[in-house]
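Colleague: The following block contains the structure, expressed as structure tokens.
The values are calculated or read from the model by the stated rules, or taken from the named source; none is laboratory data. Every value quoted in this text rests on a predicted model; they were computed, and no experiment measured them. Glycine also receives a Cβ, built like all others from the backbone with ideal geometry; neighbour counts cover every protein chain displayed.
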Amino acid sequence: MEQKRGQLTDRIKQKSKELLKYEITTTELRLMPYIQFTMVNNQKIEPIKINEEERKILSKWRELGYIEGGASGLSITKEFWDIINEIIFLGYVDTF
């Protein structure tokens, strides 16, 4: 069975436990490309583009020290940047 893009698989769950020390949700997996896009472009989260569940995830990432800021300017640690890129690769690129 071929993995669909953005699908939370056991492989992604395991990798998130290894890298983040917890199992991510499908919503977290799908929020990561938006965070990556935001950091590469204007580095500001557009509040209209995220929902309440995603806001809670961003709050969790802030509490864990992975990100700071948001709509007025987002910053991200190098560690978290590397983590989300690895997870994005597994969830959106290496889907065979």
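Colleague: Here is a list: Arg30, Arg62. Which entry is at pLDDT 95 or above, among the charged types (D, E, K, R), touching a Gly at 6+ places or on another chain (Cβ under 7 Å) and in a helix (DSSP H, G or I)?
Modeller: None of the others qualify; the one that does is Arg30.
Colleague: Then there's this: Among (1) over 12 Å from the mean Cα position of the chain (by Cα); (2) in a loop (DSSP other than H, G, I, E, B), which single condition is Leu74 missing?
Modeller: Answer for Leu74: the failing condition is (2).
Listed here are the residues, each with its yes/no results for (1) surrounded by 14 or more Cβ atoms within 10 Å (Cβ to Cβ); (2) out of contact with any helix residue (DSSP H, G or I) (no Cβ under 7 Å at 6 or more places or on another chain); (3) not basic (Lys, Arg).
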position	(1), (2), (3)
Ile12	yes, no, yes
Lys15	yes, no, no
Ile24	yes, no, yes
Leu64	no, yes, yes
Ile67	yes, no, yes
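Colleague: Could you check how many residues of the stretch 6-32 are of a type in the set (A, V, I, L, M) and more than 13 Å from Leu58 (Cα to Cα)?
Modeller: Number of matching residues: 4.
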